[in-house]
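One structure is given below, encoded as structure tokens.
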Amino acid sequence: MIAEIIINSNAKALNRIFDYIVPKEMENDIFVGARIYVPFGRGSKLEDGFVIGLKKESEFANKEIAKIIYEMSIPEEKMELAKLMARKYFCNISDCIKLMLPPGTSGKEATNWAKEKTGKFVCLAKEEIEIEEAIASGDIKSDKHKKVLEFLLDNDEVYLPDLEKILEVTSSVFKTLEKNGYVEIVEKQIERNPFINKNVEKDEPKILNEEQQRAYDAISFCIENNEPTKSLIYGVTGSGKTEIYMQLIGKAISLGKTAIMLVPEISLTPQMVDRFLARFGDNIAILHSKLSIGERYDEWQKIAEGKAKIVIGARSAIFAPVKNLGIIIIDEEHDMSYKSDMAPRYHAKDLAKYITEKASCPLVLGSATPDISTYKQALDNEIAIFKLTKRANESSLPEVELVDLRYELSQGNKSMLSLKLQKEIKENLKNKKQTILFLNRRGYSTFVLCRECGEPVKCPNCNISLTYHKFENALKCHYCGFQMPVVKKCPNCQSDKVKYFGTGTQKLEDEIHKIFPEASTIRMDIDTVSKKNSHEEILNKFKNENIDILIGTQMVVKGHHFPNVTLVGVIAADGALNIEDYNASQKTFQTLVQVAGRAGRESEKGRVIIQTYNPDHYAISYATKQDYELFYNAEIALRKMLKYPPFCDIIMIRFVGKNINDIESLSNAVYSNLQNLIDTSNTFVYKPFPSPVDKIKNKYRWRIILKGKVNNKMLNTIYKALEVKHIEGVSISVDINPNNMM
């Protein structure tokens, strides 16, 4: 018997099948999905890999499998999924398999999980993309250093003794990586139970209203009868979608089945977990990147052993080892975070559809502002739709008012807050009510400009302006993490006529303190939530201590329920409209409707003030009306005219490297192949050109964009076009329907 093996490696050259002889004594034990050790290369060193197929004979097999590792294998259906993902998302099969393994077991040895109260943990000190590019470019030369960094890319932070055992490396390796700025070693408390500090009261199912009941009955029928249907629950903010989710999951559990519940943001997980704990007790497991690797491993094992029937988590929870799946629910299905920006560049919705079809169970999507493609499928009767037109507790939707910032300026108001918003905040403070202020820019000033030569102060590694962070008194790059002291003279012409422009959450908080010194505030952005459990701590503090004003980025937009919030202020509604992205209008509309939905969720009427320089833009004006149908009709007409999704797929082929001439040469070679291979009657190919941000972390970025339908023929064509002589130091990646075009 012959086993077809994929070596567990990130190297593109090893993303192919190797044939190995299955020893006679293993023939009854070998299976597709088995993790094995095999002798590889000229030496006697053993490498680990996975069986992706079995056959009777091969003319190439001349070595035998050394060992089967049963506890770190995956089921055959997961292996089939990994192969499909690798083909569709242009990545190694082993990259996809790693997503399906228990956390911390992608190395050669299983982790001996520690029991100490505190210990040293290792985590990356740089952005993931920077680490990947450093490995790909050869900047990291040591195999041991590469092994450590690749492991951390998959596992975030790891207990140091575990990491030494898993990877069979000494502490000197970590010290060198720490010295060179690639990793950070910190002393932390070991908390293996993510629910250890949870104390929630038992909750019982609520009585559903007529609209909720209609959705529940239809989907519940599909759970009972093992029907792989796809449904959209389209309900206004606060319409009780979560209650339907919980009752559907309760139905699945009562039938002896399991459930996966996906949420888009880590910041949403605490409130969702609290509600599920109150309803289902410890029958749940959570999976997201802010848990320690030990916690994630334990949660994974709870699921695999059947001790937890309900999985709640971010997009990677789609790979949880559930058995007898009864339903998958994707909350806020429109959210861009369900699409991975790193390899494998998968979309959780695509995988959920595949998994539910294989498991013969329903897939439920929920949103107050569905993705354009999803809503079109609903209108075309490709998926069922259930509309929830009113809030579950009979509270009314908030009143929304637009403020034209051009008029504010003409009246001499140069503050970040319009006079109307200032008045409403003052009223809320007087009435002891809470306010949320949304500004999707962190930092203090968004750029520093020389008024002499007109040049902004840019990151030396990236072609992007630095952002001023007041509390650290530093200029930072939000792409590569570069940081420098504030400047008083222009680095370009040495003029002292430098000025700080733009606004961020830090500056907004500063201004609130000046205008309303009596107000208590709390800020929620990437700078304040870097520590473990910081999302939950901030949200609980805002709610339980009745802090007057929560200032935040997109983290405050979705899913949160604060009974005492009656006012929401959007500081600048235009930011997302000015980026090169076909999704810009959809993102703007969805964000505005979602953030408006945080106001007045109980008995008191909510108010929303949206400040904008573009009050006539349809995304903003229809968000003010909270009318999704009006927005959809305008957006779908524009997309049809311009041939954007859902009328086509957009494929971006990106070229990244340090030598711009090499990038240009390689991208032109691929473009030439595409011209010869593509059927131009139904697919359009744009010439290679620099990305909008054409340099990040000292590497140049070019791209080729295609518009067409992704099918087997298209995939074959792209693979064929990429068969060019590769140039060392230039990496190529393919992204289908990317989140952004940057």
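The values are calculated or read from the model by the stated rules, or taken from the named source; none is laboratory data. The structure displayed is predicted, hence computed values, not measured ones. A quick note on method: Cβ atoms are made from the backbone with ideal geometry, for glycine too, and the neighbour counts reach across all protein chains shown.
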Mind checking which residues of segment 641-679 are within 23 Å of D341 (Cβ to Cβ) and of a type in the set (S, T, N, Q)? S667
Members of segment 137-173 that are farther than 24 Å from M100 by Cα and modelled with pLDDT under 80: none
Residues in segment 456-470: is at least one at pLDDT 75 or above, more than 28 Å from V656 (Cα to Cα) and in contact with a helix residue (DSSP H, G or I) (Cβ under 9 Å, 6 or more places away or on another chain)? yes
Taking the criterion of being closer than 21 Å to V568 by Cβ, charged (D, E, K, R) and modelled with pLDDT of 85 or more, would at least one residue in segment 519-542 satisfy it? yes
Being surrounded by fewer than 21 Cβ atoms within 10 Å (Cβ to Cβ) and of a type in the set (G, A, S) narrows it down to one of G294, G238, G250, so name that one. G250
Segment 323-345, residues that are over 23 Å from L232 (Cβ atoms) and either over 9 Å from the mean Cα position of the chain (by Cα) or assigned by TED's automatic domain parsing to the domain that holds Q554 (or both): K323, N324, M342, A343, P344, R345
Checklist (1) more than 24 Å from R391 (Cα to Cα); (2) in contact with a helix residue (DSSP H, G or I) (Cβ under 6 Å, 6 or more places away or on another chain); (3) among the charged types (D, E, K, R); (4) at pLDDT below 95 applied to E305, failing item: (2)
Does any residue of segment 343-350 turn out to be aromatic (F, W, Y) and either under 30 Å from A378 (Cα atoms) or assigned to a loop (DSSP other than H, G, I, E, B) (or both)? yes
List the number of the failed condition for W300; all other conditions in (1) of a type outside the set (D, E); (2) surrounded by fewer than 21 Cβ atoms within 10 Å (Cβ to Cβ); (3) modelled with pLDDT under 95 hold. (2)
Note: among K56, K45, just one is out of contact with any strand residue (DSSP E or B) (no Cβ under 6 Å at 6 or more places or on another chain) and closer than 24 Å to I135 by Cβ, namely K45
Quick check: is even one residue across segment 554-572 at pLDDT below 90, surrounded by 23 or more Cβ atoms within 10 Å (Cβ to Cβ), in contact with a Phe, Trp or Tyr (Cβ under 7 Å, 6 or more places away or on another chain) and not in a strand (DSSP E or B)? yes
Is one or more of the residues making up segment 367-387 among the small types (G, A, S), surrounded by 15 or more Cβ atoms within 10 Å (Cβ to Cβ) and touching a His at 6+ places or on another chain (Cβ under 8 Å)? yes
Has segment 641-652 got at least one residue that is touching a helix residue (DSSP H, G or I) at 6+ places or on another chain (Cβ under 6 Å), of a type in the set (F, W, Y) and part of a loop (DSSP other than H, G, I, E, B)? yes
Determine whether K115 is out of contact with any helix residue (DSSP H, G or I) (no Cβ under 8 Å at 6 or more places or on another chain), modelled with pLDDT under 85, in a loop (DSSP other than H, G, I, E, B) and not β-branched (V, I, T). yes
Any residue at all in segment 601-617 that's within 27 Å of the chain's Cα centre (by Cα), more than 22 Å from G240 (Cβ to Cβ), of a type outside the set (S, T, Y) and not in a helix (DSSP H, G or I)? yes
Positions within segment 12-47 being in contact (Cβ under 8 Å) with a residue 24 or more places away in the chain and within 29 Å of the chain's Cα centre (by Cα), in sequence order: K12, L14, N15, G33, R35
With E394, E427, E382 as the choices, which residue is out of contact with any strand residue (DSSP E or B) (no Cβ under 7 Å at 6 or more places or on another chain) and in a helix (DSSP H, G or I)? E427
Here is a check on your reading of the model: is I129 within 20 Å of S316 (Cβ to Cβ) and part of a helix (DSSP H, G or I)? yes
Hits in segment 402-424 - residues which are surrounded by fewer than 14 Cβ atoms within 10 Å (Cβ to Cβ) and either charged (D, E, K, R) or not in a helix (DSSP H, G or I) (or both): R406, Q411, G412, K414, S415, K423
Search result, residues across segment 626-669 that are more than 27 Å from the chain's Cα centre (by Cα) and surrounded by 19 or more Cβ atoms within 10 Å (Cβ to Cβ): I663, L666, S667
Selection within segment 187-210 - hydrophobic (A, V, I, L, M, F, W, C) and at pLDDT 85 or above: I207, L208
Go over the candidates A623, A576 one by one and state the one that is crowded, with 23+ Cβ neighbours inside 10 Å and small (G, A, S). A623
Would you check if L592 is at pLDDT below 95, more than 20 Å from D735 (Cα to Cα) and outside the structural domain of E133 (by TED's automatic domain parsing)? yes
Do any residues in segment 699-714 that are in the same structural domain as S672 (by TED's automatic domain parsing) and under 17 Å from N740 (Cα atoms) have Cβ atoms under 7 Å from those of residues that are part of a strand (DSSP E or B) and of a type in the set (S, T, Y), where the two are at least six apart or on different chains, and which pairs are they? R701/S691; W702/S691; R703/S691
Report, by residue number, each residue of segment 285-302 that is over 22 Å from H334 (Cα atoms) and either under 22 Å from the mean Cα position of the chain (by Cα) or among the basic types (K, R) (or both). A285, K290, L291, S292, I293, G294, E295, R296, Y297, E299, W300, K302
Which pairs turn up if I take residues in segment 567-587 that are within 21 Å of F647 (Cα to Cα) and look for partners that are surrounded by 17 or more Cβ atoms within 10 Å (Cβ to Cβ) and at pLDDT 85 or above with beta carbon separation below 7 Å, at least 6 apart in sequence or on another chain? Y582/Y644; S585/A619; S585/E635; Q586/I372; Q586/E635
So, in segment 676-728, of the ones that are acidic (D, E) and out of contact with any strand residue (DSSP E or B) (no Cβ under 6 Å at 6 or more places or on another chain), which residue ends up nearest to C91 (Cα to Cα)? E723
